[in-house]
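Step one of this worksheet: look at the structure below.
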Amino acid sequence: TQSTRPQRLLGAVQKNATRGDPRSVVRAIDHFCRHKEWAMNVGDEKGCILDSVVSEVNPAAVLELGTYCGYSTVRIASLLPPHAKLITLEFNPDFAAIARQVIAWAGLEEKVQLVEGASGDWIPKMKEQFGVKTFDLVFLDHWKDRYLPDTKLMEECGLLRKGSVLLADNVICPGTPDYLEYVRSSPRYTSQYFKSHLEYTKVEDGLEKSVFLG
Ligand SMILES: Nc1ncnc2c1ncn2CCCCCNC(=O)c1cc(-c2ccc(F)cc2)cc(O)c1O
Ligand SMILES: [Mg+2]
């Protein structure tokens, strides 16, 4: 039977990356996606911007919306301080199964909780299910038309505190126009655009960093 692209991506990790070495996992995925098969990871160029924001925030509690194969999960988790936790939500069970193995290969299982399901269903249950108070950093990389409703949901559920940072992928390509309009015009956010390119291409894309002001 035919393998899927995520399965072939996992194979490239297991073949080319060193167990327990997150950077080698990131490098193996980027090489696979640049030279073999494109895949919708945040990628190396936007990944450097992600790394700098994670390092600056130095978060104790991170939420990632949209795990896919776990590429950004590994990038983020590898930069977290001890005892910090990353909860990552993935809707697609096949993607989730691959991501678990990629995260395990990187040796980051202790820092990551992968939850299968839709963001709209899980966000209201975060506090009771995972003992989360608020998130210091949220990385939005899931359905582009869910960025805005899920941001409003996180506000309503009290999951954001003064200073919480939202970092959104793909605000240009595929684009999240309603989300951009909201965070850039709302008095409750200070927003900043980091111009970059769609992963592994020359097409313009970028990350939007928005700080919740409470
Ligand atoms: N827990 C949850 N709740 C809701 N939705 C959930 C979810 N967990 C997952 N999903 C569903 C996300 C499906 C993937 C989202 N990402 C994307 O759709 C995406 C697409 C491109 C792209 C750009 C140009 C092209 F020509 C083609 C594709 C690039 C990217 O960096 C992308 O992140
Ligand atoms: Mg993306």
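List of remarks:
- If a spin label sat at a point 7 angstrom from the Cα of residue 118 along the line to its beta carbon, the backbone N atoms of the range 145-186 nearer than 12 Å would be those of 146.
- Among 64, 37, 199, residue whose mean-square fluctuation peaks in a GNM of the chain (springs only between Cα atoms under 10 Å): 37
- HN-Hα J in Hz across the range 196-205 - Karplus 6.51, -1.76, 1.60, θ = phi - 60°, x for Gly and Pro: 8, 9, 4, 3, 6, 9, 9, 6, 5, 8
- With 0.36 nm allotted per residue and the present C-alpha distance subtracted, the residue 157-residue 48 stretch has 36.2 nm of extension available.
- Sequence-distant contacts, meaning Cα pairs under 8 Å at least 6 residues apart, place the relative contact order of the range 86-143 at 39 percent.
- Taking the centroid of alpha carbons for each part, the range 140-166 and the range 1-67 are 23 Å apart.
- Cα-Cα over 26 Å, subset of 46/85; 85/202; 111/209; 15/195; 111/195; 85/162: 85/202; 15/195; 111/195
- Dividing the summed helix terms, -39500 (n - 2.57) for each DSSP H run of n ≥ 4, by the number of residues in the chain produces a 222 nm estimate of -12000 deg cm²/dmol to the nearest 500.
- Computed with a 1.4 Å probe over protein heavy atoms only, the accessible area of residue 50 comes to about 0 Å².
- Contact order, relative form, for the chain: 20 percent (alpha carbon pairs under 8 Å, 6 or more residues apart, mean separation divided by residue count).
- The trypsin sites (Lys or Arg not before Pro) of the range 115-214 that DSSP puts in a loop, and whose beta carbon has at most 15 other beta carbons within 10 Å, are 133, 188, 202.
- Neighbour-limited loop hits for trypsin sites (Lys or Arg not before Pro), the range 1-71 (at most 15 other Cβ within 10 Å; DSSP other than H, G, I, E, B): 19, 36
- Projected label distance in nm at residue 173 and residue 21, using a 7 Å step from Cα toward the beta-carbon: 3.2
- Between residue 198 and 203, 204, 205, the built amide H atoms are under 5 Å apart, and every one of these is 5 or more places off in sequence or on another chain.
The values are calculated or read from the model by the stated rules, or taken from the named source; none is laboratory data. Only a predicted model underlies this, so the values are computations on that prediction, with no experimental measurement involved. FYI the Cβ positions are ideal-geometry reconstructions off the backbone, even for glycines, and counts take in every protein chain you see. For the accessible areas, the whole protein counts, side chains as well, though only heavy atoms, and no ligand, DNA or RNA atoms are used. Shrake-Rupley method; radii C 1.70, N 1.55, O 1.52, S 1.80 Å.
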